[in-house]
Number of protein chains: 2
Amino acid sequence: MDPETDAGRNPTMLDVAREAGVSRALVSIIMRGAPGASERTRAHVKEVAARLGYVPDARAQALRRQGNAAIGVAFQPDQPFHAALIDAIYESARRADHPVILSAVTPGHDEERAVASLVGQRCGAVITLGSRLDRDVLEATARRIPVVVVARTVEAVGVDTVVSDDAGGLGAAVAHLASLGHTRIAFAQSAESGGNPERLSGYLGAMDDLGLAPDVVAGGSRIEGGAEAARTLLAREGLPTAVVCFNDAAAAGMQDVLTRAGVRVPVDVSIVGIDDSETASLSYRQLTSIRQDPVALARAAAARAAQRIASPGLDRFTAVIPTSLVVRTSTGPRVPDAPEAPQP
Amino acid sequence: MDPETDAGRNPTMLDVAREAGVSRALVSIIMRGAPGASERTRAHVKEVAARLGYVPDARAQALRRQGNAAIGVAFQPDQPFHAALIDAIYESARRADHPVILSAVTPGHDEERAVASLVGQRCGAVITLGSRLDRDVLEATARRIPVVVVARTVEAVGVDTVVSDDAGGLGAAVAHLASLGHTRIAFAQSAESGGNPERLSGYLGAMDDLGLAPDVVAGGSRIEGGAEAARTLLAREGLPTAVVCFNDAAAAGMQDVLTRAGVRVPVDVSIVGIDDSETASLSYRQLTSIRQDPVALARAAAARAAQRIASPGLDRFTAVIPTSLVVRTSTGPRVPDAPEAPQP
DNA sequence: TTGTAGGCGTTATCAC
DNA sequence: GTGATAACGCCTACAA
């Protein structure tokens, strides 16, 4: 178009300044909305910038800028729950005027690499969603850069954590089932390494409080967990009348396998999931679920990250976000003498 | 630790150079593995860098570096299929020595913003996964920066596309069902804006080729699509003997609603999904599914992005990645006189 | 209200 | 094999 400027190159501040007949500094002031320019020149320069298709170079900005370091986020793209967290982190960070840099954790791009890339970008803090890093790796990272772990409880020096109140959630779920008359309440546990210690102990504690005998049944792989637990239950003498599953996917698998076996939900067995995901709210599922609050989790994490950026050297910090029980139709009153379901 | 260097600051190349007793330039050469340093100094400098915890500043690198522009990726974190794509993009990009910059598309961070942030980072090319941008927005973006759209067919000037062979996949699915004796083969269509034109037309074409009457049933929202289509079918006089659904989630909903209504899969109705996701392979589902090849899709997209970075001004390009039919037990031979399922 | 000088941390191009 | 020096594009002071 303009023979003066070589076509291929991205326009720079200098191009805008020249074209508008002002100095570079003034363009800078105007582009980032700082005070120190008249309305008239402001409008003019912005018009020129738009006409030239000028977009500030984020890399140069980040390099020079002092405050407003970026918040790095390591997440798992195969975890739908992380989507809601990311969305909320974007919003919180933008409000505090911190750029967000994402790094995915996948089979070929492990969490150490993801975090390393965030460090390389000179993020002011790193939020890792559902981190699976070892404690010592987390601690080593935290010595370099503030680290906030979301949705996993870890005791690591200098590492902040933001978690849901799993114990409270499990307590509410068990209490809900007990109030419906259930006494044989099982817990389907994940078979993953470590499982969910907080969820399990929350269940055990709640059962103990009510004087009920716990019944923990181990599930299988992440994706098959609920189905396998269901098969384990079906192979037994008698079924429990209620089952709490380690997440919604597992609850769905439990529901599906039981249903296909002719067991009626909730007449024969009540089911509770965790997460209150889209799966739980499906019209034909209607799973009662322990809801995590992704917005509150993300806000707490982003706020903490911003705090750490502003003032390093704070004490270790843990936020526990309340959960709530979303009651749907997968739980119902215990039916003492429910007739056996017909075997198709 | 070292009183000479102020503790809080990240070590820079200069720190490493001073500590190792060499020049900045030499450190640069060594850190990026360029020729021009003896093995001895190389080892020494690397040791010093490691000891100081030196990590190159990716922002400064990107700013100064000429080639190896980054590949920007706009993705949807709530789409599990994108996880596999991202993983493969990371690998391809690393092989070609291009950094990857991610930007999520979420309710609060729309695709335009995501792409704009990628442009601001001066990516050399942008890959958008399942883009929903209007044609003219895509074209405007493509005038600034090479754009590769993955998993959505668009006819936009200057925009490259990489898509799965939906028509071929649907053809294979319909042929598979026809070979099992099915003639009443329905297609459950997404109710989303636009739906999946290629999948629908692939179905229609395949039915036409076989001289069969098409039967398109509209689904509901993204998440409820399959379930609603199933209810529509159940409300009719007679069921088709086979249904192809617009994706696996829909197929799962179809299967669940039909199963709960006492319709046996595959005895009464065969079901085919699309994507071959984890859902499809669940032990109790075993959905026959049209498999998309995420690795091939991602590789093609990354390769094209790298090509565009190396030499802009290429012609528009479209890659069609083959699909394959994964046959499981949700499809079976047509049973002409199957007895009605018992109504529980 | 505007312009000038200096620097962020790196890479690239030179001479030595 | 090594060491100055000039960019990259922008921001932050400070001077006019």
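Bear in mind these aren't lab numbers, they're just calculated from the coordinates by the rules spelled out. Predicted model only: the values in this text are computed from it and were never measured. Note that we place each Cβ from the backbone using ideal geometry, even for glycine, and neighbour counts take in every protein chain shown.
Need one word for segment B:147-252: rounded, prolate or oblate. Basis is the Cα gyration tensor (sqrt eigenvalues a ≥ b ≥ c); a/c below 1.5 gives rounded, then a/b vs b/c decides. Oblate, because a/c is 1.5 or more while a/b does not exceed b/c.
Once a ≥ b ≥ c are taken as the square roots of the eigenvalues of the Cα gyration tensor of segment B:190-286, is the result rounded (a/c under 1.5), prolate (a/b larger than b/c) or oblate (a/b not larger than b/c)? Taking the square roots of the gyration eigenvalues as a ≥ b ≥ c, segment B:190-286 is rounded.
Modelled this way, with points 7 Å down the Cα-to-C-beta line, the labels at A:R64 and B:N10 are 1.8 nm from one another. Which of rounded, prolate, oblate describes chain A, given a ≥ b ≥ c as roots of the alpha-carbon gyration tensor eigenvalues and a/c under 1.5 marking rounded, otherwise prolate only if a/b is larger than b/c? It comes out prolate by the Cα gyration axes.
Using only helices, what value at 222 nm comes out for the protein assembly as shown when you add -39,500 (n - 2.57) per DSSP H run of length 4 or more and divide by the total residues, to the nearest 500 deg cm²/dmol?
Values: 26 runs with 288 residues, N = 688.
That comes out to -12500 deg cm²/dmol.
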